[in-house]
Each structure stands twice: as C-alpha cells, then as structure tokens.
C-alpha cells in the first residue's frame, strides 16, 4: 500500500503520513499480543484516537474492554488511568480536590489533581455512578480542563475519555443524559468472539504471560495526527451527504422517512455530521488514502448514530433495534 500524500503539506507531516500508513500492521501485531479478534472495534477506537474524539464502549463483562484500552495506551505511550465508577463515587474523586497544606510559609489550600489528569481515562461502568458524578466529566470532555474553586486547571494533551457500560444489568444504573452521550464520538459495540477466537483467548490467558507491548508512537505524534486528519480534503457533496444522513433521523422534519416517524422519538444533531466527516478523514488516512469516500462515511454511520437516535415504545414493541433503523437510513440516503 502506497502512503498517501496531502496537498500543501510540509515535509514533517508527509513523513508522519508515511509513518501512520506504514505502522498499521505494526499496531495490529502489538495488539495481538494481548487482544484476539475484535478488528472492527479496534479500528473504531483508533479512528476516534486519531480524530481526537471520545468513545463509549458497550459490551458484556469479560470481553477485554479494559485490556484493549490499556493496550492501545501502551502502543501510543500515553499516560493511562482507570476509574471504577460506583454509586458512591464523588466528582472530586475524578477531577481532584483541594487540601490544606503546610508550605513552610503558612498553610494554604493546594489542588491535588485527580485521575482525569491523564492522556487516556477509562471510565469503567460509567452508568453505575449518579448523574452528579457523570457530569463531572462533561467539562473535561468538552473543554479539556477542570475548574476547582474558580481556578482553571488544563488537562494534558492529548486527552481521551473511553467509557464502558454494561448493556445487560439495568438495576442500580443511571443512564447517561443525551447531552453527555452526544460528547462521545462513537458508541462502539463489543460482542462475543467466534468460537475459534475464544479458544485462542483461553489458551493464551491460561498459559505463559504475554509478551510486553512495545510503544510505537508518543503523545506528540498523536497531536500531530489530529492536525493531519483535519487537512484531509473532502468534497462538498460528501459533507452534504453526512448532513443529510443525520437530518433524515429526525422524526419532526418534513421529509422524514415513514420508518423514522413511526419508530424514532429523537434524531441526531449537527455534531453527528461533524463526527461523520472527521471520522471519515481519519479512516481514509488509516486506509492509506488522502481523500474521503462515501464508503468512509457509511462505514462509520452506525457507531456515530447509535447513541444519538432515541427509539420510541412502538419500536420496542415491534422488535426494531437502533442498528436496523440506521441500516434503513443508509439505504435511504445518497450522496447525489
């Protein structure tokens, strides 16, 4: 695969493109030391990482969600922190708190940073903590900062939140509000592995310890990836396609499809179209291209829209899932 070239890109960025395109196989090789299968999940998390977006990871327990996130952090040499969200977790447990400290010149309040001060924060089972604590992440996710006692504390860059939630147990959980769900670029679904892959997992995890994962990039590389992704050209027709795809999901629009009117109570907003284009640019680079295609947008429609479209009770009664609605939207939408 030939590395892509971008117009009006200076030499260092061109070298970074080549490094990214040539390292795809190396990333897969390093991840395979700890992770078996889950190629689509890995691709979606990498796309979000390169685009600078946050990820919601939905899946049953025991599917290596935490291990996957930690392994990706090791490959990119990022500071990783994990917080187990529980009903008694307080906002200060995440963002940090002020303590009274003796400085030798008297006592004064000093801010002690919480685990959110990392490059990659894993919010494990985020739906198990009350809304007050969930909301503590909103400022960090949107503004990349924390405000304590009126003082602004900037988070390290790059900064990503990867939050997991268990779709099985609903008792004792607090569903994320739509405003916070919208901050996540993707909702990535982690499913059970095929039998052959599951056999490999059992063999690997009950034998000798795996080889350590080697870092391939660093935080500065990731920041340069963010800048590079935004330079990838995209045609106006494809931007209109992304906007139309999001707009078709809104039931109160005059041109809303019948299945949307019947089954959807709330559709996706403008941020969905923004993430479709940004994700498509990152996907193009990962696939060795310097331009976005319609397939890039279609491939990311499900993880982008999955948590932005709310179905009504009629959909539940008729056995209609959100993925089925998105599939119908893709059939309805065209780039022309």
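The values are calculated or read from the model by the stated rules, or taken from the named source; none is laboratory data. Values in this document were obtained by computation on a predicted structure and should not be read as measured data. FYI the Cβ positions are ideal-geometry reconstructions off the backbone, even for glycines, and counts take in every protein chain you see.
Observations on the structure shown:
- The numbered conditions (1) at pLDDT 90 or above; (2) in contact with a strand residue (DSSP E or B) (Cβ under 8 Å, 6 or more places away or on another chain); (3) farther than 20 Å from residue 55 by Cα are all true for residue 264 except (1).
- Boolean, residue 268 is in a helix (DSSP H, G or I), free of Cβ contacts under 8 Å to residues at least 60 places away in the same chain and surrounded by 18 or more Cβ atoms within 10 Å (Cβ to Cβ): no
- Filter result for residue 285 (under 24 Å from residue 55 (Cβ atoms), surrounded by 15 or more Cβ atoms within 10 Å (Cβ to Cβ) and at pLDDT below 90): yes
- Hits in region 296-310 (condition: within 15 Å of residue 243 (Cα to Cα) and in a helix (DSSP H, G or I)): 296, 297, 298, 300, 301, 302, 304, 305
- Among the conditions (1) crowded, with 20+ Cβ neighbours inside 10 Å; (2) closer than 21 Å to residue 219 by Cβ; (3) in contact with a helix residue (DSSP H, G or I) (Cβ under 7 Å, 6 or more places away or on another chain), the only one that residue 187 does not satisfy is (2).
- Residue list for region 94-136, filter: within 15 Å of residue 174 (Cα to Cα) and either within 18 Å of the chain's Cα centre (by Cα) or crowded, with 19+ Cβ neighbours inside 10 Å (or both): 123, 124, 125, 126, 127, 128, 129, 133, 134, 135, 136
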